[in-house]
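Accompanying notes for the structure given below.
The values are calculated or read from the model by the stated rules, or taken from the named source; none is laboratory data. All values reported here derive from a predicted model rather than from experimental measurement. When we count neighbours, we look across all protein chains shown, and the Cβ atoms used for this are built from the backbone with ideal geometry, even at glycine. Only protein heavy atoms, including side chains, enter the accessible area calculation; ligands, DNA and RNA are left aside. Shrake-Rupley method; radii C 1.70, N 1.55, O 1.52, S 1.80 Å.
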Amino acid sequence: MEKCHLKLTIGHLYPKQLNLYGDMGNITTLKMRTEWRGIEFEYLEINPGETICDADFYFIGGGQDKEQVAVSKEMFAQKDFLIKKRDEGAVFLGICGGYQLFGHFYQPFEGEKLLGVSLLDAYTVAGKKRFIGNVTAHTNFLAPETLVGFENHSGLTYLQGETKPLARLSVGNGNNGEDGFEGGRYKNVFGTYLHGSLLPKNPHFADFLIRLALENKYGENVELAPLDDSLEFAAHKSVLEKAY
Ligand code: GLN
């Protein structure tokens, strides 16, 4: 397919509320890795009070419990639209607090239970311990198979039904510090605890998501021209080496 006719539209959910530990770096990576290939990149911000727009790829970052309270109400009011987009194959990437709101609910240590949008069959409850540190994990769908990042959360996430883990942990606590897994996936919805930000140090996952969104949109195979990722994978390797 002619790449000059390709356009990727990103809907960034509540960036002023959920954008912890440089999660905006994920948007920058998606923008650069599409534009470097001559693919048009459209960025749409969705803020509180606004209707969630049509997009090929939705991103939501992480945040503290108090920011999640406001966002959960906004998203829950538009749950049906988000589930419709999921079932049409749109790509979703949620980081930490955003990931938690992709499930059925997040029960913080204090205060009300936050309703999620059930894009993933999962739920989160706050634990007594805060998990902070580097994370390395192994996927069964990427080459190289590793994903690296940084976690800082007290939420314990449990996956159910057709929602499967994103990766098997090597270092770190991941979803709940018990089952040895990190993140979750159902259809083209991906959630992960990996901040850092995630995609600059995991360019192979960024390309996987870009290709998934474009192939869902255009209904054809999309080949992405190779890029010089020596710097990106040097950063990836540095986390792998630091973590062990
Ligand atoms: N407030 C949530 C927790 O502590 C999410 C934190 C985050 O997004 N880093 O688990």
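A few remarks follow.
- All positions within region 49-61 that are open to solvent by 10 Å² or more (accessible area, probe 1.4 Å) and either out of contact with any strand residue (DSSP E or B) (no Cβ under 6 Å at 6 or more places or on another chain) or within 16 Å of the ligand (Cβ to nearest atom) (or both): GLY49, GLU50, THR51, ASP54
- Test: residue in region 5-26 that is surrounded by 14 or more Cβ atoms within 10 Å (Cβ to Cβ), touching a Leu at 6+ places or on another chain (Cβ under 9 Å), assigned to a helix (DSSP H, G or I) and of a type in the set (Ser, Thr, Tyr): no
Conditions (1) within 10 Å of the ligand (Cβ to nearest atom); (2) open to solvent by less than 10 Å² (accessible area, probe 1.4 Å), marked per residue:
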{"residue": "GLY63", "(1), (2)": "yes, no"}
{"residue": "PHE76", "(1), (2)": "no, no"}
{"residue": "LYS79", "(1), (2)": "no, no"}
{"residue": "LYS85", "(1), (2)": "no, no"}
{"residue": "GLY97", "(1), (2)": "yes, yes"}
{"residue": "GLY111", "(1), (2)": "no, no"}
{"residue": "LEU114", "(1), (2)": "yes, yes"}
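- Matching residues, region 145-165, being within 18 Å of PHE208 (Cα to Cα) and away from the ligand (no atom under 16 Å from the Cβ): GLU145, THR146, LEU147, VAL148, LYS164, PRO165
- LEU30 falls short on exactly one of the conditions (1) within 16 Å of the ligand (Cβ to nearest atom); (2) surrounded by 22 or more Cβ atoms within 10 Å (Cβ to Cβ); (3) not in a strand (DSSP E or B), and that condition is (1).
- Among the residues here, LEU44 qualifies as open to solvent by 30 Å² or more (accessible area, probe 1.4 Å), of a type outside the set (Phe, Trp, Tyr) and either within 21 Å of ALA206 (Cβ to Cβ) or within 16 Å of the ligand (Cβ to nearest atom) (or both).
- Meeting the requirement of 2 or more residues that are over 13 Å from the mean Cα position of the chain (by Cα), at pLDDT 95 or above and within 18 Å of PHE102 (Cβ to Cβ), the strands (runs of 3 or more DSSP E) wholly within region 145-244 are 146-159.
- Yes/no for TYR123 being assigned to a strand (DSSP E or B), within 14 Å of the ligand (Cβ to nearest atom), in contact (Cβ under 8 Å) with a residue 12 or more places away in the chain and surrounded by 24 or more Cβ atoms within 10 Å (Cβ to Cβ): no
- Tally, over region 131-144, of residues that are open to solvent by less than 10 Å² (accessible area, probe 1.4 Å) and within 16 Å of the ligand (Cβ to nearest atom): 1
- From the list GLY161, GLY196, GLY219, the lone residue that is within 27 Å of ASP121 (Cα to Cα), touching an Asp or Glu at 6+ places or on another chain (Cβ under 6 Å) and open to solvent by 20 Å² or more (accessible area, probe 1.4 Å) is GLY161.
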